[in-house]
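> Encoded as structure tokens, here's the structure I'll be asking about.
The values are calculated or read from the model by the stated rules, or taken from the named source; none is laboratory data. Since the structure is predicted, the reported quantities are computational estimates derived from the model, not experimental observations. For neighbour counting, all protein chains shown are included, and Cβ atoms are generated from backbone atoms with ideal geometry for every residue, glycine included. Side chains included, ligands, DNA and RNA excluded: accessible areas come from the protein's heavy atoms. Shrake-Rupley method; radii C 1.70, N 1.55, O 1.52, S 1.80 Å.
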Amino acid sequence: MQESNIKKEIVEIIRKNPLQILGAAWISFLVVAFMVVGFMLPHTSRNSVLAADPAADVNSSLAARSSYADTVDRVSPAVVTVRSERKAAARTEQMPFTDDPRFREFFGGRLPNMQQQRPQTERAMGSGVIVSADGMILTNNHVVEGADKLKVELPDRRTFDAKVVGTDKLSDLAVLKIEAGNLPVLTLGDSDKTRVGDVVLAVGYPLGLRQTVTSGIISAKGRSTGLSDGSFEDFLQTDAPINHGNSGGALVNLNAELIGINSQILSPSGGSIGIGFSIPSNMAKSVMDQLIKNGKVSRGMLGIGIQNVTSDLAQQFGLKDIRGVIINSVRQGSPADKAGVKQGDVVVAINNVPVTDNNELRNRVAQSAPGSQINLTVLRDGKEQNLTATLTEFSLEKVAANNDDDDNGEDNSGTSRNVPNKGGALGLSLQTLTLQIASQLGLKGVTQGLVVADVQDGSPADDAGIAQGDVIQQINRQTVNSLADVKTALAKSVGKPALLLINRQGQTVFVTVPTQ
């Protein structure tokens, strides 16, 4: 009875409110349908809807970078192991029991020569990069230097004897050749386009392990470390872990392009602390092409000594900005000398391209072919000048010969004497330079200046790093050979530091010293 009454009431409600009832039912249907379709959408479609949210787009981008496997798959087949063997000096070993009295008694107290020579073989392992399908391999010079035997092992464990095509100690690069074909090759990228902050991978064979991949970023560009004998350095710095054995291996970008050859690490422990250095691919390509073609590398040379501009030096040279490179010496008869370059000039551009530091200037000159002409934009006494120099070929032998020229001059300075300038404005005791003193200091060809005999502790000169044995050749661009010269030159330093030209072990450098 009660159920019948409920049905009658529902029918009556529908009869009196048909539109409202139909509307509510329609809305309920749409809600349910939307939920069903939403769950039925493919995963990728839901992500495309969410991508309208910027935060979701960032998360999606990060997720896409969560793996470098595709890059590694393209790079790893072209990174190889380089094994070297060198003969070392034979080691003398004492035979056992020679200190045993019973053993000595057996020989009547007189022992025969019981020492034996054991030949030594030193073995080392590094990495290399295949750069041509017919077996050309790029690696570090220090990986192969002095080796009597070289072997290259591919990632597929095939092993080949390797021959040296050419080496270049000054850039720490070498090219090897193995007799193989159809090898995987790593494409060389444009290292100039690499930016600080770019993600990179280091691939090699560290610490005797099989191939290893590490990741990081480019931490800096244009680094010069001074950690090796290499005179031409333009390193990419990276925090991708590099260890012993990674030398000669690949530094690649995420497009699987070679942008550097791993070369050095800076570490007090010998292991990676996140400061590694790679030779940029553009430098490596230039060296590699010359080694393959000529078996050696030719570089241009100007014949100058240079140093960076500091804020104090910029003030002394009247520069509005801290820019360019200061010429602190010009070798007589050199291309720079013939072009009219003067000591104290500031080079601000080469071939109309600005120069930022001395390492950049050195590398750009070296990358120019001997016999080619370069245009130097220099500032001299606040005025800009353009000079054209024809480069000669750089060689360590020429540099050494020029630095060791014999002094054929006469000693007209008389006996050596102390200049009474103990302390004073600079805090120095100075002595007139003689040929005898110059010879004792190893300064061949240096005939003028004042030798630093003593430096007062805590003096301006001491703070500036001037040391005993330095030779002061100029003060405020004026040549000094006596106390009178010093006083006259220092009179120009009222209210500002003095500018000194120092000859230190044959190398000249400008130094600023505050006057008391």
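> For the stretch 451-468, state whether one or more residues are open to solvent by less than 20 Å² (accessible area, probe 1.4 Å), at pLDDT below 70 and not aromatic (Phe, Trp, Tyr).
no
> Let me ask something else about it. Can you run down the residue pairs with Cβ atoms below 8 Å, 6 or more apart or on separate chains, where the first is in the stretch 422-434 and small (Gly, Ala, Ser) and assigned to a strand (DSSP E or B) and the partner is surrounded by 18 or more Cβ atoms within 10 Å (Cβ to Cβ) and modelled with pLDDT under 85?
Listed pairs, sorted by first residue: Ser429/Val419; Ser429/Asn421.
> Sticking with this one: Taking strands (runs of 3 or more DSSP E) that fall entirely within the stretch 173-225, which contain at least 3 residues that are of a type in the set (S, T, N, Q)?
212-223
> If you go through the stretch 294-313, how many residues are under 19 Å from Pro335 (Cβ atoms), of a type outside the set (S, T, N, Q) and either touching a Cys at 6+ places or on another chain (Cβ under 9 Å) or part of a loop (DSSP other than H, G, I, E, B) (or both)?
4
> Does Val200 meet the test of being within 17 Å of the chain's Cα centre (by Cα) and farther than 19 Å from Glu145 by Cα?
yes
> Give just the number: which of (1) open to solvent by 20 Å² or more (accessible area, probe 1.4 Å); (2) at pLDDT 95 or above does Val203 not satisfy?
Here Val203 clears every test but (1).
> So, one more: For the stretch 238-294, which residues satisfy the criterion of being closer than 20 Å to Gly135 by Cα, touching a Pro at 6+ places or on another chain (Cβ under 8 Å) and among the β-branched types (Val, Ile, Thr)?
Matches in the stretch 238-294: Ile259 only.
> Return only the number of the condition from (1) within 17 Å of Asp198 (Cβ to Cβ); (2) touching a Phe, Trp or Tyr at 6+ places or on another chain (Cβ under 9 Å) that Arg299 does not satisfy.
Every listed condition holds for Arg299 apart from (1).
> Pick from the stretch 154-173 the residues that are among the acidic types (Asp, Glu) and open to solvent by less than 80 Å² (accessible area, probe 1.4 Å): which of them is nearest to Gly126 (Cα to Cα)?
Checked the stretch 154-173; the qualifying residue nearest to Gly126 (Cα to Cα) is Asp172.
> When you look at Leu319, is it open to solvent by less than 10 Å² (accessible area, probe 1.4 Å) and not in a strand (DSSP E or B), yes or no?
The answer is no for Leu319.
> Is it the case, given these coordinates, that Ile279 is buried (at least 21 other Cβ atoms within 10 Å of the Cβ), touching a Phe, Trp or Tyr at 6+ places or on another chain (Cβ under 9 Å) and in a loop (DSSP other than H, G, I, E, B)?
Considered against the rule, which asks whether it is buried (at least 21 other Cβ atoms within 10 Å of the Cβ), touching a Phe, Trp or Tyr at 6+ places or on another chain (Cβ under 9 Å) and in a loop (DSSP other than H, G, I, E, B), Ile279 comes out as no.
> On to the next question. Out of (1) part of a loop (DSSP other than H, G, I, E, B); (2) under 15 Å from Gln316 (Cβ atoms); (3) within 36 Å of the chain's Cα centre (by Cα), what's the single condition that is false for Thr515?
Every listed condition holds for Thr515 apart from (3).
> Something else about it: Considering each of Asn363, Asn375 in turn, give the residue that is farther than 27 Å from Gln315 by Cβ and modelled with pLDDT of 95 or more.
None of the others qualify; the one that does is Asn375.
> Residue under question is Gly249, and the condition is that it be over 11 Å from the mean Cα position of the chain (by Cα), surrounded by 19 or more Cβ atoms within 10 Å (Cβ to Cβ) and at pLDDT 95 or above; does it hold?
Yes.
> Same structure, new question: Quick check on my filter: what residues within the stretch 475-503 are open to solvent by 30 Å² or more (accessible area, probe 1.4 Å) and without any contact (Cβ under 8 Å) to a residue 40 or more places away in the chain?
Gln478, Thr479, Ala484, Asp485, Lys487, Thr488, Ala491, Lys492, Val494, Gly495
> Tell me which residues, restricted to the stretch 291-311, are open to solvent by 40 Å² or more (accessible area, probe 1.4 Å), polar (S, T, N, Q) and either in contact with a helix residue (DSSP H, G or I) (Cβ under 9 Å, 6 or more places away or on another chain) or at pLDDT 95 or above (or both).
If the condition is that a residue be open to solvent by 40 Å² or more (accessible area, probe 1.4 Å), polar (S, T, N, Q) and either in contact with a helix residue (DSSP H, G or I) (Cβ under 9 Å, 6 or more places away or on another chain) or at pLDDT 95 or above (or both), then Asn308 is the only one that fits.
> Could you check, for the stretch 255-262, whether at least one of its residues is at pLDDT below 90 and of a type in the set (Asp, Glu)?
No, every residue in the stretch 255-262 fails to be at pLDDT below 90 and of a type in the set (Asp, Glu).
> Do you know which residues across the stretch 134-153 are in contact with a strand residue (DSSP E or B) (Cβ under 6 Å, 6 or more places away or on another chain), open to solvent by 10 Å² or more (accessible area, probe 1.4 Å) and assigned to a loop (DSSP other than H, G, I, E, B)?
Gly146, Ala147, Asp148
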